[in-house]
Each structure stands twice: as structure tokens, then as C-alpha cells.
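Take a look at the structure set out below.
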Amino acid sequence: MKVDRRCFLGLGLGAVAGAVVSPPGMKLTDDLAIWTQNWPWTPVPKDGKVTYEQTTCSLCKGNCGLSVRKVGGRPVHISGQEGHPVNNGGACLHGISGLQYLYGLTRINAPLKKNGETFEEISWKEAVSHVADKLNAMRENGKAEKIACITGKERGSIPELFKRFMKAYGSPHYYSMPDMNTTWRTVAEKMHGENADIGFDLENATHILSFGSGLVEGWGSPVHNFRVNAQRKDKGVKLVQVEPRLSNTAASADRWIPAIAGSEADLALSMCSVIMKEKLYDSSYLVSYDTGFSAFSGLVTTGYAPEKMESKTGVAASEIKTLAREFAGAGRPLAIAGKGRGDTAGDLTEFAAVHALNCLVGNINAKGGVRLNASPDYLKFPEMKLDAVAEKGAEKAPEKSIDALMRKISGTGQSPVQALLMQDANIAYTMHDTDRVKQALKKVPFKISFSSFMDETAKLADIILPSPTFLERYEDLPSDASMSRQVVGLAVPVQKPVKNSMNPGDAVIRIAKAMKSGVSENFPWKKYEDCLESVTGKLWDPLSDKGYAVISEKKPRKTVSADLSFFSVNKGKRPEAAGDRTEYPMMLVPYDNMRITSSEVTVSPFAVKTVSDEEIKGKESFVQVNPETARKIGVSRGDKVKITTPAGSAAVRIDLFEGVMPGLIGMPKGLGHTTDNPYVAGKGVNTNQLISVSIDPNTGQDAAFGINAKISRV
Amino acid sequence: MSKQNTHGKTYKFGMAIDLDKCTGCGSCMVACMSENNVPFKKDESDKKDSITWMRVYKLTNGKSFPETEICYLPRPCMQCGGKGDQGHSPCVSVCPAVATDYGHDTGIVSQIPVRCFGCRYCMAACPYHARYFNWWDPKWPGEMEKYLNPDVSPRMRGVVEKCSFCYHRYQAARDKAYYEHREEIQEQEYQTACTQACPAGAIAFGDLHNPSHKVHQLVKPDPHHSGKPRNPKAFRLLERLGTNPKVYYISEKEWVRKAGDNYLEGEWKKMNKKHG
């Protein structure tokens, strides 16, 4: 090829143009990347040495062992602790979100005192002396019985210190929030005559029959039960789930029996009738059915024959028979009760009926069965010295339940409770008939909250003595009573308190010390850590070494007598869902979703992020109904409706779900918080405000699981 | 791309998720957010712009009460190998800025936010919706910046992000192995945050080339067909697209396996006969 002048110039120009135009393209791409992202406010997390620290979670009663990864002394990630007897490496999403609680937006910075409508910060010294002075004055004026105390948990040295304080002060009004274990303990008392916890050896059972217990929704010790459920699949252990709505547990089960809501006791007794009639019970165990066996047999075979129970339970007679035969015929069958998470007290008759199945197959204290565990007694507090005021208070009995106390407060002119201490309890959110509880709280002139967060209850308090979160404090944490093995975990601070907070144990010791004689001498410890070390005694070494201790390795007694006369004595005494069926033709049943907390602990931003857009959309939440129900009432997916119950009404949207029994309304628990945290509050409706209290006449506890309701278009 | 330095040990990291064990509890999603500095907004209910590297979907069998069944399906990035496992993943093929690339030594599809200029071609190309765009500046309100993990750079407005199989954990494991004069990293040395967090033990993670790894034993990948599972209970999402994902799902339930792709009428039966 000949290069002429024209060609040469052309090539030259082309090269120049190419050289000029090409780099800007590349440069612009590069610049674009820089321009679009080089923001000075993008954080650069500090690096450092990686260390791991172990502690125990106390966000729920599961008390899992956690491992906290720290970088340069800064906690950055939480995971489950390998080899821990409760959770062995697993963790739930709330525990993993722990650091969002530590740096939570509604954390309380310092002690607060209400001044008109707002709070003002005060020093710890002021706060403690303010509380002590008020309580001193009440005690001196003979009003010792007018103070009450509610703790979220019943066990552990911190609740014990509050209990001790109340006793020394001279008030019988100490309460802890009830849950299914409260009801199970009553079952142990009524059917075995024992003051014991009921634990379930789910790991070793070969056939689990669950009456609505959400094994994977957070029932009992949540992560422990997640593991049980997963191992069950490997071992081929059958799970039968009785529940009117297809929960995640029902979906995970081998068989889902959609029984009509509230008919669980009838179904269980009907199964008992089959076992009796076909003599499928454990006859070797018969010697220990000391009372009521024949009466029970007569009662169930005549009154609860499967054919009779068909319409009541919605389960075919043939299916009831199959269920009973499979249950009685299994190697190590186990029946459990406590709906959803089991975080409220249950209907005693229902629990007893389910337990009758356990008694008939003779699994009490057997491998894979029900364990009667003595309540943990690892805490050795020194003997108390009660003065005259305290003696007088000790003779009085508390109310039957917190609900009874609340009703008493709202029922009378002047509140019988003049001061109320609340620790780890967000009753203005978690209790049924929430609006009434709030009204009652407003009538109490002096309310002391020990909350870490400005939650619904703390907002109503007159003085707040903020606690550190579980990542910043010491506390002994006994595992949930429903576990067959009793484990105590120790929470240790993995981070210096990020707020001006004080361990509630320390706070109560300091208040007691500031009180006049009578109270103060019962609190000889300088600080809570000393108290913890001395009251845990021999257990302190393993606790502080390993972070946990197993306390019930003893073999249980083999023979236990079972009293089945409960049903003949208490026939017909049941709590009832409020509302007239003609006015409220549907039934609202709140359900637990593992991804949303519904306890005193508000959900974290991370956890909210995992919630489906079929449960929260913007500020609204959904209720689940069956498409058939929706057709009947003329609503379709996404429609805005009003749900009304005898307790109140709320605006929600419709979600269609085939897994809900027609006529039922499913509604997720744990939403509708009203705190000042826009990341988690103001989303949806709190189911508790739509549910009326329904007292179980057998226990005096609120055992409402649902309520009659109606849906209307808006 | 093919000229990457691949001397030394090469891996093909993959994941197997047992859908029969998954209960939809959400631990994997939150463990991922915490590990990878994923931000959060006041309203996360618009799932199109809610950044979740790991997202758990709910499937139903579509049958009416009481035959209804549900199943949860966790969806990280599938780390597609592309046709013939040559690294032509849908997203890598379209990125004009080499912000996402295929690691031939690990099988992991990288995502380098500082190279990304936000054209979002990769998001359009990804058949699994595994990629998310930062429409807003990520914020860590209050003191929450203090919990950020230094191993993963926080992203910024205008870039795309996605699951990396916790690549920083691989780097840490590789460094440790190098320091200890080992050629190979152990199965347990490199596990993703979601795998570790799953309380049901439903997720297995490891090297798909290594027959001693649990993930290999579960899916039995077929090396002659780009890792197609030989376990008849295992499947990959949208298999026919030829994206060759490295995330496998296992279920005993036929309707769940069928939900892994869109089948024409009668196609499923025909297909299963052929394989059966």
C-alpha cells in the first residue's frame, strides 16, 4: 500500500482525534463513579484487633448463649455460642440485632423525672433519694400496702431483689408477668399435687402433638426449639400441629390439623376418650392413677366421643381416632400446649386436657416425655429481718393476677396503688385491653420505671431509672421452664454502658439503702455484683468461668401419681372469648411471627426490615382472611377495612391467605408501637388493644387468645 | 477476565439450602445485614428498594384451605457461573465499569462499589433480583455507626450492591492459611454469616469441587453439566436459563421443586421422567 500525503494526513488526524476523544470516555466513567459516591459522610469503620466475648441474651426467656465479635474493643457482630446447652451455636434474628438495642434510638440517656408533660434529666443521687424519700413517707404514713411492683421475669436475682424489697417494705403486691409456664405450674399442682415446673423433653420424643404451640414461632426457648425441629426432621420424628391457621410450625409439621379455634381441649379430651375406650393407655402406669381415673374414663367416653366432638372441633371423628391411635401407639409420644409463643397464661382446662394425654401414655418423667422439675433454687439469699410493718404486709395476699390489680385500680375512685415499680415490663403495650391498662396507669400517682428504652410504659412513668441493656450488665438468667434441662446463663457486660444507666439490681439496692431502718438492713451488699456473687454461692465459679451452668442433671423420679379428677370437679369452668357471635360473627386470632417481637422488647430496625409487605405496608398492617371469607364479606386483597371487637376498633388492610380457616381473622402481634422511633414505631396496629381480658375462673389469670370480631368496609 | 491470576488453589464455593428445614425465621437475613453493614430506612415495606442481600421469599402451593402448604426460600446472590461455567454471569457480561467480575479462583461474583457508577444494567440483567441500588445515602442513626464492621466498606448513594458470599471472610481465611503455610483453607474456616446464623442448620456452604465438603455431598454436582445437581431432590432456580447458579435448594416436596422454574403444561412430568 502506498502512503500518499492525503492518507498520511488522514491517519495523523485520526490518531489525534482518537487520542483526544478516547480518554475522556474512560475518564468520565471514572469521574462519574467518583462524583456519584465520594461523600464525606460515608463512614469508614475503624479497624482493630478482633476478639470474641461470650454473654447471655435476655431479650426473651430463652436466654441463649451469645458470642460477640469485637474489633478494636468495639462490638460489631453477634452470633450464637457454639456448644451452649440452650442454643448450641444458633441465634434468632433479635439476638443478632442486639447491637441495634445497645445503640437504640429510644435508649434513655440518664435518670429522668417527669416535669409537667416532659421529662428532665436528674442525677442518680437525686433520683435515688427522690424515690427513697417518697417511699419512706408512704411507709411511715401506714401506706406500705399501697405500693406495687411488676417485673417482667419471675426468676433470677434481679426479680428476687425486687421481691425482697417489696417484702421488706411491707407490701404483698409483687407480681411478675404470667406466661404459659404459670399455667403449666398450676397443672402440675392440680394433677400431680406438686409445686413444680413442667419441662418437655422434646429432643427425645418420637411423636410430638402440639396444640397450637409455635415450636418455630418462638415457643418456650425459641432457638432451642428451632434446633429440636430441625433435628426432628433428620430423625424422622413426627410433629402433628393442631391450629386453625397455617402457622410456620404447622407448615413445618408432618401433619396439620386445622381444629376450630378454642376447641383444643375438646379435641384432646376426645382423643382421651378413644384411648380409654380402646384401652390404649399405659397400663403399667395405671397403679399411679390414684384418683379420678374411673370418673375421668366415664366423663370422656360419654361426653367426648369423637362423633360428638366432630362439629365442635371441626375434625372428623375418624381423624380424631387416628390421631389418638397414632399418639398412643408411638414410642415416646409427647403432647404440648401454650399457643404461639406461649407468652401469655393459658386456659387451664385446655392445658390439663393436653396433659391428660401425657398422663394416659405414661410419659411423666420418662425419656422424651414431660419432666416435673423442682423450681430452680440456686439462689441463696440471706434470711430476712422483718419489722412490724413488713410482718403486717406479709400476712396479706396479693391480687390473683396483674389484670385483677389493674381492674382494681381503674374500678375505684382513688387508686389503691399509690406507687408502682415496673422493671422489664411494658404493660402499656403487652397487656390485653391496652387502653384500659393505660387509663389505670394514669391513676397511679407515682410510677417508677427501670426501662432501658422510652417505651409505651416508660412514657407514662413519673421517674425513670434507666437500666443498661443485656450487653452492658451482669445478670443471672435461668432458662425457660419448658426446657427439660434447667440451665442458668450469665449475662456479662461486653461493652461499657453507653448511657448513664444503672443495673436495676444496683438501683434497688441503692434505693433500699437510702430507706430508713426496716428495709435497708435486708440489703447488706455494696453493689449488685457482690450480691450476685454471694447469692449464687457454689454456682458462681462455673457461671463466671463458662458463662452458664446446668443445674438439673439429676435423674427424675420414675413414678408420679396422676390425678384426673380435675375435669369432673371443674367441669364447664372456662374462659370465654368476649363478644356476642351475632354481632361479631368472625373470630380474631392474633398470631406470632418470629420476625416480630411482641414482648416488652420492641422490635429492632433490622428485624422490621425482614417483615413481609403482606404484613406491613407503609404505616398500615394487614389482617389475613381466607379468600372464601373475603368473598362473603365483599372485600378483596389490599382493601382498607375496619376491624371491630368488643374492646375497640382499628383500620387495617386485607390480605388473602388460603391457610386461614374461613371465618377467622389472623393478625400479626408486635406491631403498632407508639414510641418515638420512626424506624420501628407507627407501623400497624397493636393486637392487644383489640383483645378483651378473659379471665380463666380456674386460675384468675387472663387467658384470652382471641376475640369475636367483625370486619366492615370503610 | 480469563487472564486472572489463578495459580494456587482454586475453589468453587457454593451453597445448599434445605427448604424443608427452613422455617422462615429471618436469622440469615439479619446476620447478613449485621455482617455486611447493610443500612435501613424508616420505611422498608417497599421491597423493591429495601436492600436485603439475603431475602427470604414465601412460597405457597396455591391450594385452598386446608390443603394449603407454605415454604420459605432464602435467596442470596446465586453467584452464577454463566454458560459452561466460564464466568459469563448475566451481570458481569453487562457491567460497563468492571465493577462486578467473576472470580475464577472462587466462583464468586464480586461487586466493587467504588467502581460502580450506578447504571443498573446488572440489576436489569439479574434474573434473581439479587441486586439492589442505593437510592439514598445510607444512614446509621444515633450512635449506630459504632457497630459497623470494618471488613466490609459501607456503600454510598448511587451504587449497586449485592451478596458477596461474605468474601471478606474468605480473604481472612486465605490469609490465615497463607500465614500458616497451608495451601488450602478448611471447610469450617470459611463460612458465610447466614450459614453460621441459621438456627435450623438448613444452610450448608463449602467448596463444590471438594467431595468431602457437606455442600458437595448434599447436591452431588455434575462436573460434566456445569454443576447441575445429581441429587434428584436438589434444584437450582431458573435452571434452563443456563446461568449456572452456585446456590442449590433441596426439598422432598415436589411442588417446591417445581416452583424453582416456570414450566409449561406437561413439561415437568416429561422432564422428571427423563431424569428419573
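Worth pointing out:
- Filtered residue count, the range B:148-177, keeping only those that are assigned to a loop (DSSP other than H, G, I, E, B) and either away from chain A (no Cβ under 12 Å) or of a type in the set (Asp, Glu) (or both): 5
- The range B:71-105 - residue that is among the aliphatic types (A, V, I, L, M) and within 14 Å of chain A (Cβ to nearest Cβ) and, of those, surrounded by the fewest Cβ atoms within 10 Å (Cβ to Cβ): B:Val98
- For the range A:229-245, filtered to residues that are crowded, with 22+ Cβ neighbours inside 10 Å and among the β-branched types (Val, Ile, Thr), the residue that is farthest from A:Thr629 (Cα to Cα) is A:Val237.
- Some residue of the range A:39-51 being touching a Cys at 6+ places or on another chain (Cβ under 7 Å) and at negative phi: no
- Single residue of the range A:577-616 satisfying the filter (touching a residue at least 24 places away in the same chain (Cβ under 8 Å) and among the polar types (S, T, N, Q)) that is surrounded by the most Cβ atoms within 10 Å (Cβ to Cβ): A:Thr610
- Taking the criterion of being more than 17 Å from A:Met502 (Cα to Cα) and surrounded by fewer than 23 Cβ atoms within 10 Å (Cβ to Cβ), the residues of the range A:107-138 that qualify are A:Lys114, A:Asn115, A:Gly116, A:Glu117, A:Thr118, A:Phe119, A:Glu120, A:Asp133, A:Lys134, A:Asn136, A:Ala137, A:Met138.
- In the set (1) in contact (Cβ under 8 Å) with a residue 12 or more places away in the chain; (2) more than 8 Å from chain B (Cβ to nearest Cβ), the condition left unmet by A:Asn115 is number (1).
- Candidate set: the range A:158-207, residues that are of a type in the set (A, V, I, L, M) and outside any helix (DSSP H, G or I); chosen: the one farthest from A:Ile147 (Cα to Cα): A:Ala205
Here's the yes/no breakdown for (1) part of a loop (DSSP other than H, G, I, E, B); (2) under 26 Å from the mean Cα position of the chain (by Cα); (3) within 14 Å of chain B (Cβ to nearest Cβ):
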| site | (1), (2), (3) |
| --- | --- |
| A:Gly518 | yes, no, no |
| A:Ser544 | no, no, no |
| A:Ser561 | yes, no, no |
| A:Phe567 | no, no, no |
| A:Pro590 | no, yes, no |
| A:Asn593 | yes, yes, yes |
| A:Ile596 | yes, yes, yes |
| A:Glu614 | yes, yes, yes |
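- Residue check for A:Val287: modelled with pLDDT under 90 and of a type in the set (A, V, I, L, M): yes
- Only one of A:Trp35, A:Trp41 that is under 55 Å from the mean Cα position of the chain (by Cα), surrounded by 11 or more Cβ atoms within 10 Å (Cβ to Cβ) and either more than 14 Å from chain B (Cβ to nearest Cβ) or free of Cβ contacts under 8 Å to residues at least 60 places away in the same chain (or both): A:Trp35
- B:Leu218 out of contact with any helix residue (DSSP H, G or I) (no Cβ under 8 Å at 6 or more places or on another chain) and outside any loop (DSSP other than H, G, I, E, B): yes
- Going through (1) crowded, with 24+ Cβ neighbours inside 10 Å; (2) more than 25 Å from B:Cys71 (Cα to Cα) one by one, B:Lys176 falls short only on (1).
- Considered as a group, the residues in the range B:119-147 that are touching a Phe, Trp or Tyr at 6+ places or on another chain (Cβ under 7 Å) and part of a loop (DSSP other than H, G, I, E, B) include one that is farthest from the other protein chains (Cβ to nearest Cβ), and that residue is B:Arg120.
- Failed item, numbered, when A:Ser210 is tested on (1) crowded, with 24+ Cβ neighbours inside 10 Å; (2) in a helix (DSSP H, G or I); (3) among the small types (Gly, Ala, Ser): (2)
- Test: residue in the range B:243-259 that is surrounded by fewer than 22 Cβ atoms within 10 Å (Cβ to Cβ) and of a type in the set (Gly, Ala, Ser): no
- Residues in the range B:45-70 that are farther than 30 Å from A:Gly663 by Cα, more than 7 Å from chain A (Cβ to nearest Cβ) and surrounded by fewer than 21 Cβ atoms within 10 Å (Cβ to Cβ): B:Lys48, B:Asp49.
- Among the candidates A:Leu360, A:Leu334, A:Leu348, A:Leu299, the residue that is more than 30 Å from A:Asn593 (Cβ to Cβ) and buried (at least 24 other Cβ atoms within 10 Å of the Cβ) is uniquely A:Leu360.
- Complete set of residues in the range B:8-44 that are more than 10 Å from chain A (Cβ to nearest Cβ), assigned to a loop (DSSP other than H, G, I, E, B) and over 21 Å from B:Gln171 (Cα atoms): B:Leu19
- Looking across the range A:247-275, the residues that are within 10 Å of chain B (Cβ to nearest Cβ) and crowded, with 22+ Cβ neighbours inside 10 Å come down to A:Ser247, A:Asn248, A:Thr249, A:Ala250, A:Ser252, A:Trp256, A:Ile257, A:Pro258.
- Single unsatisfied condition, A:Asn225 versus (1) without any contact (Cβ under 8 Å) to a residue 40 or more places away in the chain; (2) not in a helix (DSSP H, G or I): (2)
- Of all residues in the range A:88-109 being at pLDDT 95 or above and in contact with a Lys or Arg (Cβ under 7 Å, 6 or more places away or on another chain), the one that is farthest from the other protein chains (Cβ to nearest Cβ): A:Ile108
- Taking the criterion of being buried (at least 23 other Cβ atoms within 10 Å of the Cβ) and over 20 Å from A:Asp702 (Cα atoms), the residues of the range A:420-443 that qualify are A:Leu420, A:Leu421, A:Gln423.
The values are calculated or read from the model by the stated rules, or taken from the named source; none is laboratory data. Remember, it's a predicted structure, so these values are computed and weren't measured experimentally. Glycine gets a Cβ as well: all are built from the backbone with ideal geometry, and neighbour counts include every protein chain shown.
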